[in-house]
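Have a look at the structure below, then the notes.
The values are calculated or read from the model by the stated rules, or taken from the named source; none is laboratory data. Treat the numbers as computed from the prediction; the structure is a model and nothing was measured. Methodologically, a virtual Cβ is constructed for each residue, glycine included, from the backbone with ideal geometry; neighbour enumeration extends over all protein chains shown. Heads up: the accessible areas ignore ligands, DNA and RNA and are worked out on the full protein's heavy atoms, side chains in. Shrake-Rupley method; radii C 1.70, N 1.55, O 1.52, S 1.80 Å.
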Amino acid sequence: MPSPTQRSSPRRARCAARLPFDIVLGPYELTVEFHPRAALYDRRRLGCINLAEGRIELRHDLTGLPLARAFLDCIIRLVHFSKGCQEGCVEEAYTHSFATGLVEFARRNPRAWRWFNLLLAQHLPWRAGYDRVVRGAFARAPAMPRHVQVGRHQVRLRGISRTQSGNAFGWYLFAEREAQLYHGLAGANLAIVALHEITHAVHHVHGLEDGHSHRDFRRAQLQGWFGVMQHSPAAWRWLAWLMSFPEQASLPAPTARAS
């Protein structure tokens, strides 16, 4: 399997500033550091993974949303690499790799997870409150929204019964642009299934299916999910809460109204 960063450059004198957390995903534990462009492992990128020296390297002049996006790009790269999702994998594999990997990132790296959501909240043009969600500062858990904006399309989110779900936890209906989640999902599995079905929608919007390249899937996931964070605050608040507090997460069936 090739390294997530294909090219190395001669080592130069570097001036690095470490962020106050490491990242643990799969078998990898990496420090997160800022470096000048000339000292990056791969100078073509705003952020890169240097497995040889155990680092995620971010360009030192990044701030705000560009920094958040570069960091998310590195997490997506590391997620797929740690799970063995590489060139030639089918669309379903990229979908589940992303969903399980993002939940793992949130659960195993609480400091990095809070930093990322705070960075988003500080630089979005409205009070998204993502930092408060992942700290547990909301009095009540966010409710599942009815829609999530994916690119130019609204994707409906809907709970379904055991009979409707069959032997699956959820479905994505391409023609209807609808993500369906089984009423009865709970814990980390609820977050994974929700991310999984919405990621199918991200791939759908970008026209991806089996046979597309590793780069196509990575880029679509970065663009699609960063767009959700920017333009669907209710959806990201709900998902971020599910990933932060899986022990409290559930999707109960709607209460029947008395006649």
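Within segment 131-176, count every residue that is open to solvent by less than 60 Å² (accessible area, probe 1.4 Å) and without any contact (Cβ under 8 Å) to a residue 40 or more places away in the chain. Total satisfying the criteria: 9.
Here's the yes/no breakdown for (1) part of a helix (DSSP H, G or I); (2) more than 16 Å from E87 (Cβ to Cβ); (3) modelled with pLDDT under 95:
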| site | (1), (2), (3) |
| --- | --- |
| H200 | yes, yes, no |
| H204 | yes, yes, no |
| D210 | no, no, no |
| R218 | yes, no, no |
| Q223 | yes, yes, no |
| V228 | yes, yes, no |
| A235 | yes, yes, no |
| L239 | yes, yes, no |
| L242 | yes, yes, no |
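Conditions tested, residue by residue: (1) touching a helix residue (DSSP H, G or I) at 6+ places or on another chain (Cβ under 7 Å); (2) acidic (D, E); (3) more than 23 Å from P110 (Cβ to Cβ); (4) not in a loop (DSSP other than H, G, I, E, B).
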{"position": "V24", "(1), (2), (3), (4)": "yes, no, no, yes"}
{"position": "E33", "(1), (2), (3), (4)": "no, yes, no, yes"}
{"position": "R43", "(1), (2), (3), (4)": "yes, no, yes, no"}
{"position": "L58", "(1), (2), (3), (4)": "yes, no, no, yes"}
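Applying a threshold of 7 Å to beta carbon distances and a minimum spacing of six or more residues, or different chains, the list of pairs starting in segment 234-256 at a residue that is closer than 20 Å to V155 by Cα and ending at one that is open to solvent by less than 10 Å² (accessible area, probe 1.4 Å) and in a loop (DSSP other than H, G, I, E, B) reads L242/A249; L251/L185.
Scan segment 45-56 residue by residue and report those that are under 14 Å from A17 (Cβ atoms) and out of contact with any helix residue (DSSP H, G or I) (no Cβ under 6 Å at 6 or more places or on another chain). Residue satisfying the conditions is R55 alone. Taking the criterion of being touching a strand residue (DSSP E or B) at 6+ places or on another chain (Cβ under 7 Å), free of Cβ contacts under 8 Å to residues at least 60 places away in the same chain and closer than 21 Å to T100 by Cα, the residues of segment 23-50 that qualify are E29, L30, I49. For segment 72-96, the set of residues classified as open to solvent by less than 10 Å² (accessible area, probe 1.4 Å) and hydroxyl-bearing (S, T, Y) consists of Y94, T95, listed by residue number. The sole residue among L67, L102, L62 that is crowded, with 18+ Cβ neighbours inside 10 Å, farther than 30 Å from P254 by Cβ and not hydroxyl-bearing (S, T, Y) is L67. Considering each residue of segment 207-219, count those that are surrounded by fewer than 19 Cβ atoms within 10 Å (Cβ to Cβ) and either closer than 25 Å to G64 by Cβ or in contact with a His (Cβ under 7 Å, 6 or more places away or on another chain) (or both), and give that number. Looking only at that region, the number is 1. Among L251, L222, which is the only one that is surrounded by 16 or more Cβ atoms within 10 Å (Cβ to Cβ) and more than 16 Å from the chain's Cα centre (by Cα)? Selected residue: L251, the only one of L251, L222 that is surrounded by 16 or more Cβ atoms within 10 Å (Cβ to Cβ) and more than 16 Å from the chain's Cα centre (by Cα). Only a single criterion out of (1) touching a Gly at 6+ places or on another chain (Cβ under 8 Å); (2) of a type outside the set (V, I, T); (3) surrounded by 17 or more Cβ atoms within 10 Å (Cβ to Cβ) is not satisfied by L190, namely (1). I need the full set of residues from segment 30-44 which are open to solvent by 50 Å² or more (accessible area, probe 1.4 Å) and closer than 23 Å to S82 by Cβ, in order please. Within segment 30-44, just R44 meets the criteria. When you look at I198, is it among the hydrophobic types (A, V, I, L, M, F, W, C) and either open to solvent by 20 Å² or more (accessible area, probe 1.4 Å) or on the phi > 0 side of the Ramachandran plot (or both), yes or no? No, not satisfied.
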